[in-house]
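Inspection log for the structure reproduced underneath, given as structure tokens.
Read-outs: derived from the displayed coordinates by stated rules, not from any lab. For clarity, every value in this text was computed on a predicted model and none was experimentally measured. For neighbour counting, all protein chains shown are included, and Cβ atoms are generated from backbone atoms with ideal geometry for every residue, glycine included.
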Amino acid sequence: MTVKIFDTPEVQDFLKTVSGFDQSGGDERAKQIMHRLLSDLYKLIDDFDVTPEEYWSAVSLLNALGGQTQFGLLSPGLGFDHYLDMRQDAIDAEARRVGGTPRTIEGPLYVAGAPEAEGFARMDDGRDTDGETLWLTGQVRDVDGNPIAGARVEIWHADSKGGYSFFDPTQSEYNLRRTIVTDAEGRYTARSIVPSGYGVPEGSPTDQVLKLLGRHGERPAHIHYFISAPGHQHLTTQINLAGDPYTFDDFAYATREELVIPANRIEDADEIARRELDGPFSEVTFDIVLTATDDPELQHRHARPRAKEDEQDKASQLAGTAKV
Ligand code: DHB
Ligand code: FE
């Protein structure tokens with residue numbers, strides 16, 4: 001088929017009408033963005049000769065994604081989260097906020113309001129006996145190497161089956177989610193269990209999209225962090241445990257060389273006793289460097305719908321139905 005109508009005055013005028021250009025109400029930025037988006041999609045339909053069958057199956061897929069609140073899951077898979085990070089890195093470089101620990105994506109599975117502790121917290125509820133004990137520790141410093149006492153280190157991760165509490169209703173409330181405030185030397189320590197890698201739910205709409213692209217939906221074993229301290233830029237990051245088959249093949253593109261950390265298995269009886277454990281464990285050390293900023297807005301995580309952050313936000317609460 002060779003029909004091409006996109007460049008005709010009729011279609012170009014129609015796009016302006018559909019985008020509300022001839023209406024006085026509404027939001028100017030929304031109109032401009034919708035006009036660009038619709039123009040790109042109309043052109044795509046013309047260029048690829050998209051059939052009605054293809055168009056309506058795409059609408060069905062979008063309905064399925066929305067119905068299972070999976071846009072937040074698909075977004076990292078299509079690279080949007082990493083792309084936003086790349087843009088933020090460029091903004092920071094231009095403002096000379098450099099030298100800190102690299103950021104990487106938040107992901108869709110954060111839950112606000114985890115219990116807080118000073119210096120040390122146990123994160124697991126003791127029920128996941130398949131998970132080896134993890135001893136996770138580190139120091140928060142500024143770019144000159146000074147320790148930052150009183151920094152808030154919020155950590156969350158999956159269990160030994162790759163599931164996150166709240167989204168996985170079989171886990172106890174806030175299992176594997178804690179906020180630890182650093183001690184006088186800027187240190188934090190957590191006792192937890194070694195997480196497993198994570199995969200998008202098999203057969204889900206997100207999985208269907210990835211399969212169409214010949215891709216998998218697997219993430220390596222990883223641990224999420226939010227770190228904040230007055231006078232410093234809020235940092236959203238993750239560590240990926242070294243040696244996982246997906247460490248450098250992450251469907252969410254969150255891996256960064258500096259954030260790949262080895263887990264050291266420790267079997268020494270004295271070391272086990274010193275931590276009051278009863279068997280071998282894996283130790284992970286992750287030190288964090290924060291850049292300085294006077295801008296109060298940069299000192300907090302950016303706004304985004306998050307589970308339990310805003311009790312009015314039913315959409316993020318519903319992320320629980322995503323069964324991840
Ligand atoms: C997804 C899941 C994660 O645990 C994560 O850290 C990032 C992305 C996802 O399902 O898209
Ligand atoms: Fe995750």
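Descriptive notes on the structure:
- Every residue from segment 191-218 that is in a helix (DSSP H, G or I) and free of Cβ contacts under 8 Å to residues at least 60 places away in the same chain: 207, 211, 212
- For segment 161-175, the candidate set comprises residues that are surrounded by fewer than 21 Cβ atoms within 10 Å (Cβ to Cβ) and polar (S, T, N, Q); within that set, the residue that is nearest to residue 115 (Cα to Cα) is 172.
- Checking residue 291 against (1) surrounded by 18 or more Cβ atoms within 10 Å (Cβ to Cβ); (2) more than 18 Å from residue 92 (Cα to Cα), the condition it does not meet: (2)
- Residue 133 vs. criteria of a type in the set (Ser, Thr, Tyr), surrounded by 17 or more Cβ atoms within 10 Å (Cβ to Cβ), out of contact with any Asp or Glu (no Cβ under 6 Å at 6 or more places or on another chain) and within 22 Å of residue 263 (Cα to Cα): yes
- Under the condition of being away from ligand 2 (no atom under 16 Å from the Cβ) and in contact with a Ser or Thr (Cβ under 8 Å, 6 or more places away or on another chain), the residues counted in segment 107-120 number 5.
- Every condition in (1) part of a helix (DSSP H, G or I); (2) touching a residue at least 24 places away in the same chain (Cβ under 8 Å); (3) within 16 Å of ligand 1 (Cβ to nearest atom) holds for residue 104 except the one numbered (1).
- Within the set 53, 94, 28, the sole residue that is among the acidic types (Asp, Glu) and within 30 Å of residue 153 (Cα to Cα) turns out to be 94.
- When residues of segment 131-157 are limited to those that are assigned to a loop (DSSP other than H, G, I, E, B) and free of Cβ contacts under 8 Å to residues at least 60 places away in the same chain, the one nearest to ligand 2 (Cβ to nearest atom): 149
- When restricted to residues that are among the hydroxyl-bearing types (Ser, Thr, Tyr), touching a Lys or Arg at 6+ places or on another chain (Cβ under 7 Å) and assigned to a strand (DSSP E or B), segment 256-307 contains 1.
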